[in-house]
1. When you go through ALA208, ALA195 one by one, which is the residue that is open to solvent by less than 30 Å² (accessible area, probe 1.4 Å), in a helix (DSSP H, G or I), of a type in the set (Gly, Ala, Ser) and in contact (Cβ under 8 Å) with a residue 12 or more places away in the chain?
2. Can you tell me which residue in the range 119-150 is modelled with the highest pLDDT, limited to those that are over 20 Å from THR182 (Cα atoms) and open to solvent by less than 20 Å² (accessible area, probe 1.4 Å)?
3. Based on what the data block shows, is ARG74 among the basic types (Lys, Arg) and either in a helix (DSSP H, G or I) or modelled with pLDDT of 75 or more (or both)?
4. Within the range 238-280, which residues are polar (S, T, N, Q) and either open to solvent by 40 Å² or more (accessible area, probe 1.4 Å) or closer than 30 Å to TRP175 by Cβ (or both)?
5. Kindly state which strands (runs of 3 or more DSSP E) lie completely within the range 234-346 and contain at least 2 residues that are among the acidic types (Asp, Glu).
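The values are calculated or read from the model by the stated rules, or taken from the named source; none is laboratory data. Predicted model only: the values in this text are computed from it and were never measured. Positions of Cβ are backbone-derived with ideal geometry, glycine not excepted, and every protein chain shown enters the neighbour counts. When the accessible area is computed, the model is the full protein with side chains, heavy atoms only, and any ligands, DNA or RNA have been set aside. Shrake-Rupley method; radii C 1.70, N 1.55, O 1.52, S 1.80 Å.
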Amino acid sequence: MNATLARPDGFRSPQLRRRFAAFSLLTSGIYAVAAHLSSSLESIAGADAAWVAWGLTLDLVVVVPSLYWFLVVRAGGPRLPVIPITVLSLAAAGAIVPSQYHQALGALELVAFPLEITFVGFLFWKVHRLVTGAHGAVDVSAELRRMTGKMLGEGRVSKIVASEATVFYFALAAWRRRAPETGVGELRVTHDRLALYNTFFWGILIAAVAELVGVHFLVMRWSEAAAWVLSALSLYGLAWLVGDFRAVRLQPSSVARGVFSFRLGLRWSVDIDISNIARVQALTPAQRSEIRDRQDVLSAVLMGEPNRLLVLKEPVTVEGLYGMTRRVDRIALTIDDPAAFEAAVS
């Protein structure tokens, strides 16, 4: 977290930049000392080692966010990063301090959940304001990535947080939204009708809910804790399934202003200049089998087999969930109206 945390846009004045640099330097020092002392805890007597572990935990979880507050916020810097800094400090303390000395961490972790809820709630509020105030379509996934990158830095952590927020936004907070209207000169490109994704979704949803209830009461006979853990994992899976279904409807792919904006629910997204498209190729069963395991081909389908292969002149980086990326020069996809799409990109 320390010095790798990207500076938010609020750090424009030289004074704030100096203060943020001082915060990063002091935080790096605290992390270095904590890592060194944690590795030496085994050589310290029992009770003394526990007190040292308490001190290290407080340094990481309390002192680091406090430094940000007094060095940066008090000088006019943005306040919101205090929340992710605190949550990341908790995670760092759990990784640095040996597990047998997590007594202090267990008490401090009680604040992590409300802080995460506050942070995600703020993201939802910002996106809601953006969506309701926009005159055209808003790419919610891209906006959440931009916001978390601005607040947490452009790293894997911010991408994971953005993916989680995107899942729960579409699953829980987007039920009043409607699919964007097609603009002048714009072609909406859908990928779900030929794949029968609507039928698949409702069938899986009904089966998953029934299985969730049955498995929960079955596992309760052996372990109540295990039953609730499995149910929580199943509920997250249901949230992902619903979020993906809503994202397919609310964020369709499109061809507009010389760009093919490819969106496949929560799974993949990329913007491709039409000038970079060499050809759109219909796929035979033999060709589908041939490209199935190739690393330079991204198979981007909701379910079933692709019916078109998008061949590019230059490779592009396709973004997936949790910061995953693929560098490819061919994308196998299902297009419901391939004739209209080929006419639009030609």
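1. Values: ALA195 fails: in a helix (DSSP H, G or I).
Answer to the check: ALA208.
2. LEU144
3. yes
4. Selection gives GLN251, SER253, SER254, SER261, SER269, SER275.
5. On the way: elements: 253-256, 259-264, 268-273, 277-282, 297-300, 308-319, 325-333.
Because the criterion is at least 2 residues that are among the acidic types (Asp, Glu), the strands (runs of 3 or more DSSP E) in the range 234-346 that meet it are 268-273, 308-319.
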